[in-house]
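All remarks here apply to the structure that follows.
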Amino acid sequence: MKLISEILIVDDNIDLLELLSRQLKGKGLVPTTSNNVMDAIDLIEHQAVDLLISDIKMSKIGGEQLIRYVSEHYPDLPILVMTGYPDVNSAVELMKMGVSEYLIKPFPAEDLLSAIMRIGSVEIREPEEEKLVDYSAGFPGIIGSSPKMIELFRTMEKTLNNKATVLINGESGTGKELIARAIHYESKFSSAPFVPVNCGAIPEQLIESELFGHLKGSFTGAIGDRKGFFESADGGTIFLDEITNTSLGVQAKLLRVLQEKEITPVGSSQSKKVDVRIISATNLDIKSLVSQGKFREDLFYRLNVISLNIPALRQRDGDVIKLINYFSAKFSKEHGLPIPKFEKVVLNTLENYAWPGNVRELENFIHRLVILAGNKVSMSDVPTYMKMTFDINSPENEFVSLEEHQLKYIKRVLKSTGNNKSKAADILKIDRKTLRNKLKDMG
Ligand SMILES: Nc1ncnc2c1ncn2[C@@H]1O[C@H](COP(=O)(O)OP(=O)(O)OP(=O)(O)O)[C@@H](O)[C@H]1O
Ligand SMILES: [Mg+2]
């Protein structure tokens, strides 16, 4: 029997490509993917492929064309078809064209593997070996090799074989969602769903039913029973983005899910067991919300078994250049344009820029450059605000310690109140005793 190792998967659904490719990789196979027929043919012509797995219904050119092409030009290449629209006649037609196996979507990972093993022999790598994968150098699709990112990868690695809750904190655009996805898809639960929920975008009165589901008639507009996000994520991961946007009422219900591992749909008196890992994210200082009474302390501890602090882009030494190269290549390929060359002075400028919008800002900027700047990127392509770097050595930007800055500010407030300590304490939102102590401490 033919040994199968390199597998080309063709489907226009990128999420499915990602899922299948991770499943096959997990078994020690070597998948490549393509989301369209033209690229697939190009790959078959230029690299070793032991098995072709293809979808049938695809936007643009359909899978039958690819199968016809392969059976004509590569009669020895086995073909496995997967389709969401089973149809006996076309199945027979496909078999006549040389298709060996036919799977109906959706199918469990084991079915795919057994179909592959009916076509050829496979050297399956045992799951024990999987644990030896070393992620300290990075995760697929996450660019970065600065010390801060490597530290992050080390902590991420500790989340992969368990279902401990993970709380991700980082400025906007630092990659919180990307990291949540990587944790799910690299974990041993990756074949179960990853369900992202933006808590900030769901109106308060709907969030409970969105999360936990509802029964028909439980409120106006509930025209049928509906599963909530927790049930949809069963066995996998729910990603609660902007977690601080939940009301105290919803927080109490989340706490219950964590404690009892069950949910109660709106309008139901019966609870259901769920087995879901919760990854939550915020760009706010959640601890200070806890101390202000806006976020439940007990929930905070439950959500924060593993905490990941994503560094701002300006704290990642050397990564800006890596990301520029990565995004230039990515967008050039996407638009069929040449990869632009950056003048050295441009790279220096971009490295020194503070990137308040972090990786997202850099990504959008490079996307624009690829389309607008042409082959070469020079200083005239860089907007003025990116050129104004913060000069630490200039006297007007003199840095002082936080203590010193605080003291200066307290003095200013005191002066404005004519040295009235009560008024000053009011403005500073601290009590008089704290103010007195601060002044004493700082001499
Ligand atoms: N290290 C990285 N390597 C490659 N791409 C990245 C990296 N970090 C972030 N990105 C990309 O930057 C964009 C923003 O990332 P993401 O949406 O995960 O950020 P976020 O922290 O969730 O932002 P927000 O707080 O605004 O929701 C995405 O397109 C993501 O793919
Ligand atoms: Mg996000």
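The values are calculated or read from the model by the stated rules, or taken from the named source; none is laboratory data. Note that the coordinates shown come from a computational prediction; the quantities given were computed from them, not determined experimentally. Reconstructed Cβ throughout: ideal geometry from the backbone, glycine too, with neighbour counts over all protein chains shown. All accessible areas refer to the heavy atoms of the entire protein, side chains included, with ligands and DNA or RNA removed. Shrake-Rupley method; radii C 1.70, N 1.55, O 1.52, S 1.80 Å.
A simple count of charges around Lys273, restricted to other residues whose Cβ falls under 15 Å of its Cβ and scoring Lys, Arg +1 and Asp, Glu -1, yields +1.
Taking Lys and Arg as +1 and Asp and Glu as -1, the other residues whose beta-carbon sits under 13 Å from that of Leu16 total -2.
When peptides 332-338, 223-229 are ranked by their average number of other Cβ atoms within 10 Å per residue, the highest-first order is 223-229, 332-338. Ordering Ser54, Ala424, Leu215 by Cα displacement along the dipole of the chain toward the positive end leaves Ala424 in first place; charges were set at the Cβ atoms of Lys, Arg (+1) and Asp, Glu (-1). Couplings for the stretch 218-233, taken from phi via the Karplus curve 6.51 cos²θ - 1.76 cosθ + 1.60 with θ = phi - 60°, read 6, 7, 4, x, 7, 7, x, 5, 9, 6, x, 4, 4, 5, 4, 8 Hz in order; Gly and Pro are left as x. With contacts taken as Cα pairs under 8 Å and at least 6 residues apart, the chain reaches a relative contact order of 12 percent.
Counting only protein heavy atoms and using a 1.4 Å probe, the accessible area of Ser54 comes to about 0 Å². The accessible surface of the stretch 39-197, taken with every protein chain in place and a 1.4 Å probe, is 52 percent carbon and sulfur.
Solvent-accessible area per residue in the chain equals 55 Å², computed with a 1.4 angstrom probe and all protein chains kept. Which is farthest toward the positive dipole end of the chain among Gly144, Asn89, Ile41, measuring Cα position about the Cα centre, with Cβ charges +1 (Lys, Arg) and -1 (Asp, Glu)? The residue sitting farthest along the positive end of the dipole is Gly144. Considering the chain as a Gaussian network with a 10 Å cut-off on Cα pairs, which listed residue, Thr220, Thr32, Thr384, attains the greatest mean-square fluctuation? Among Thr220, Thr32, Thr384, the largest GNM mean-square fluctuation belongs to Thr220. Net charge of the neighbourhood of Gly120, taken over other residues with C-beta under 13 Å away and scored Lys/Arg +1, Asp/Glu -1, is -3. Of the whole protein surface, Ser172 contributes about 60 Å² of accessible area at a 1.4 Å probe radius.
Here the peptides 100-106, 348-354 are ranked by packing, the mean other Cβ count within 10 Å, and the order with the highest first is 348-354, 100-106.
Taking Cα centre as origin and charging only the Cβ of basic (Lys, Arg, +1) and acidic (Asp, Glu, -1) residues, the dipole magnitude of the chain rounds to 2380 debye.
Note on the chain: GNM, Cα springs under 10 Å; of Glu93, Glu157, Glu231, the largest mean-square fluctuation is that of Glu93. Here the Gaussian network model covers the chain, with springs between Cα atoms less than 10 Å apart; of Asn420, Asn35, Asn169, Asn420 fluctuates the most.
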